[in-house]
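Here, each number is a calculation from the coordinates, and none is a lab measurement. Since this is a predicted model, take the numbers as computed values, not measurements. Every residue, glycine as well, gets a Cβ built from its backbone with ideal geometry; the counts of neighbours run over all protein chains shown.
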Ligand SMILES: [Zn+2]
């Protein structure tokens, strides 16, 4: 809920809240996320409030009407999220968006598109959205996110209302392992729902299980993995989490400080079962297979492949 950010983002909260209540939303926002670790959830909370059919009735934003729930589930047709495909946002991604958004909204009267890394728009891609930004359509709202607004092309910057999020008081060192993992997960992609804590936990459990049971893990992939990790985006996130986990296990073996996790029994156990070199090989294999996810490899086969490859069978 947007109201949940009253304290942590007082200024931006007020600006957006006012705009929503008075129906005076800008057609394009460029939000500098800076050091605010919860920036994506913040953005979604704003969009939810903006689109919520109850927004005028309730004093506080509802966040739990049917529509808000559909938005949470990631299946709301009037919101489109664009993230870099590889290093850059491709021109085709924006052309597809334009095609899709040429028609009127099916639900409500507003459509929103989010560009998660507006600094990854190169000139040709940027040109294709300038028209969107130049000829504002009352029913279309653009929300562009970036770490640093000065990395965004000035042609785009000048056409947006710029908002800067206040960086969190907590420095990176003070984040809990879960908060750090969330940051990692959310930089991988942005379509992950609110159950992200649960998913992160399942991914770690999977690695812990695999380290004890090796090839037998193949029999339990359904229960350990397939029920929780679904679709390309979640696979990419999950692989990044596994890579991060093994990296910290390597740090532990090498007596270096851990970057994300806190030392626990599982990490100690895995460290005694593997040499540093073996962990490095596992990290390499995860990195290799993570690359394949981009190419729409059949994800159900990918996990079999992963386990066999970690075991050195293939
Ligand atoms: Zn609602």
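Before anything else, pin down the relative contact order of segment 110-179: Cα pairs under 8 Å, at least 6 apart, normalised by residue count, whole percent.
Averaging sequence separation for qualifying contacts and normalising by length gives 40 percent for segment 110-179.
Say R0 is 41 Å: what FRET efficiency, to the nearest 0.05, do residue 265 and residue 304 get from their beta-carbon distance?
Computed FRET efficiency for residue 265 and residue 304 comes out at 0.90.
How would you rank 280, 25, 52, going from fewest to most other Cβ atoms within 10 Å of each one's own Cβ?
Going from sparsest to densest Cβ surroundings: 280, 25, 52.
Which of the three applies to segment 177-310, rounded, prolate or oblate, going by the alpha-carbon gyration tensor with a ≥ b ≥ c and a/c under 1.5 meaning rounded?
oblate
Angle, helix 276-294 long axis vs. longest principal axis of the chain, Cα atoms, 0 to 90°, nearest 10?
Helix 276-294 and the main axis of the chain meet at about 40 degrees.
May I ask you to derive the relative contact order of the chain, considering only C-alpha pairs under 8 Å and at least 6 residues apart, and to give it as an integer percent?
18 percent
Explain nothing, just the number: relative contact order of segment 177-310, from Cα pairs under 8 Å at least 6 residues apart, as a whole percent.
Answer for segment 177-310 is 29 percent.
So, R0 is 51 Å and r is the distance between the beta-carbons of residue 14 and residue 232; what FRET efficiency does that work out to, to 0.05?
So the FRET efficiency works out to roughly 0.85.
Once you put a point 7 Å from the Cα of residue 123 and another 7 Å from the Cα of residue 213, both along the Cβ direction, what distance in nm separates them?
Distance between label points: 5.6 nm.
Using r as the Cβ-Cβ distance of residue 311 and residue 3, and R0 as 51 Å, what FRET efficiency do you calculate, to the nearest 0.05?
0.55
Only counting other Cβ atoms within 10 Å, I'd like 39, 124 sorted with the fewest neighbours first.
124, 39
What does the helix-only formula give at 222 nm for the chain: each DSSP H stretch with n ≥ 4 adding -39500 (n - 2.57), the total divided by the residues, and the result rounded to the nearest 500 deg cm²/dmol?
It comes out at -15000 deg cm²/dmol, rounded to the nearest 500.
Where the centroid of each part is defined by its Cα atoms, how far is segment 81-126 from segment 216-274 in Å?
Each part reduced to its Cα centre gives a spacing of 33 Å.
Just to confirm the number: angle between the C-alpha axis of helix 91-100 and the first principal axis of the chain, 0 to 90 degrees, nearest 10?
60 degrees
In square nanometres and to one decimal, what's the mean projected area of the convex hull around the Cα atoms of the chain?
If I average the Cα hull's projected area over directions, I get 17.1 nm².
Would you mind ranking 157, 111, 120 by Cβ crowding within 10 Å, fewest neighbours first?
157, 120, 111
So in the chain, what percent of DSSP beta bridges are antiparallel if you round to the nearest 5?
Beta bridges within the chain, antiparallel portion: roughly 5 percent.
Please compute the modelled spin-label separation between residue 277 and residue 98, points set 7 Å along Cα→Cβ, answer in nm with one decimal.
Modelled inter-label distance: 5.5 nm.
Label-point separation (nm) for residue 148 and residue 73, each offset 7 Å from Cα along Cα-to-Cβ?
Roughly 4.1 nm, to one decimal.
Gaussian network model of the chain, Cα springs within a sub-10 Å range: biggest mean-square fluctuation belongs to which of 87, 178, 121?
87
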